[in-house]
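Read through the structure below, which is laid out as structure tokens, and then see the notes.
Bear in mind these aren't lab numbers, they're just calculated from the coordinates by the rules spelled out. Just so it is clear, the model here is predicted, and its values are computed rather than measured. Here the Cβ positions follow ideal geometry from the backbone for every residue, glycine too, while neighbour counts run over all protein chains shown.
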Ligand code: ADP
């Protein structure tokens, strides 16, 4: 059981579930969302559209799962991160923490063992990276310690797309772990 940070492209991760930093409409888009949809293929977008037709837009901090199409993963867990300019700082932090814990809850419901996260909200949603990394690390570690007796989830990887995010995640792991 553990948490690590690596430099990489989340679409190539050979894990049970990857997390997508989605938007409320689950409509695909740029950044990691666009990379995941283009690598996974059209069936994932169709599943996303069915979810939206059934339940309406996804609330910030909530997670839903689809299959992973052509990706090596089995599932994609789509979660909507907070847009930094739309909330007060404390609310932003709570919403970002909810993204990590609700994604882990969904992963556990699926029976996933290995999960990979991107740095949710740190792209076009503009969450400051030095604040996002310790929230990601502390939320995942707290969730793992609270659920260790009764969850399939075993190994969590924070997949950083650039060395700046990797540095922040490694610093947070050193400070918190
Ligand atoms: P958000 O809208 O939640 O801010 P973005 O996709 O704009 O989402 O950015 C979130 C993070 O994902 C950024 O730090 C960005 O560098 C990173 N990212 C972009 N593409 C990939 C990828 N293929 N794998 C992992 N992380 C990625």
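Here are the numbers for this structure:
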quantity: Hits in region 168-177 (condition: assigned to a helix (DSSP H, G or I) and touching a residue at least 12 places away in the same chain (Cβ under 8 Å)); calculated: 168, 169, 170, 171, 172, 173, 175, 176
quantity: Test result for residue 119, farther than 22 Å from residue 167 by Cβ and surrounded by 23 or more Cβ atoms within 10 Å (Cβ to Cβ); calculated: no
quantity: Residues located in region 9-35, provided they are within 7 Å of the ligand (Cβ to nearest atom) and within 27 Å of residue 144 (Cβ to Cβ); calculated: 9, 10, 11, 21, 31, 32, 33, 35
quantity: Any hit, region 145-167, residues being more than 13 Å from the ligand (Cβ to nearest atom), without any contact (Cβ under 8 Å) to a residue 40 or more places away in the chain and part of a helix (DSSP H, G or I); calculated: yes
quantity: Those residues of region 36-55 which are under 21 Å from residue 158 (Cα atoms), away from the ligand (no atom under 11 Å from the Cβ) and out of contact with any strand residue (DSSP E or B) (no Cβ under 9 Å at 6 or more places or on another chain), in sequence order; calculated: none
quantity: Test result for residue 25, in contact (Cβ under 8 Å) with a residue 12 or more places away in the chain and either surrounded by fewer than 17 Cβ atoms within 10 Å (Cβ to Cβ) or farther than 26 Å from residue 152 by Cα (or both); calculated: yes
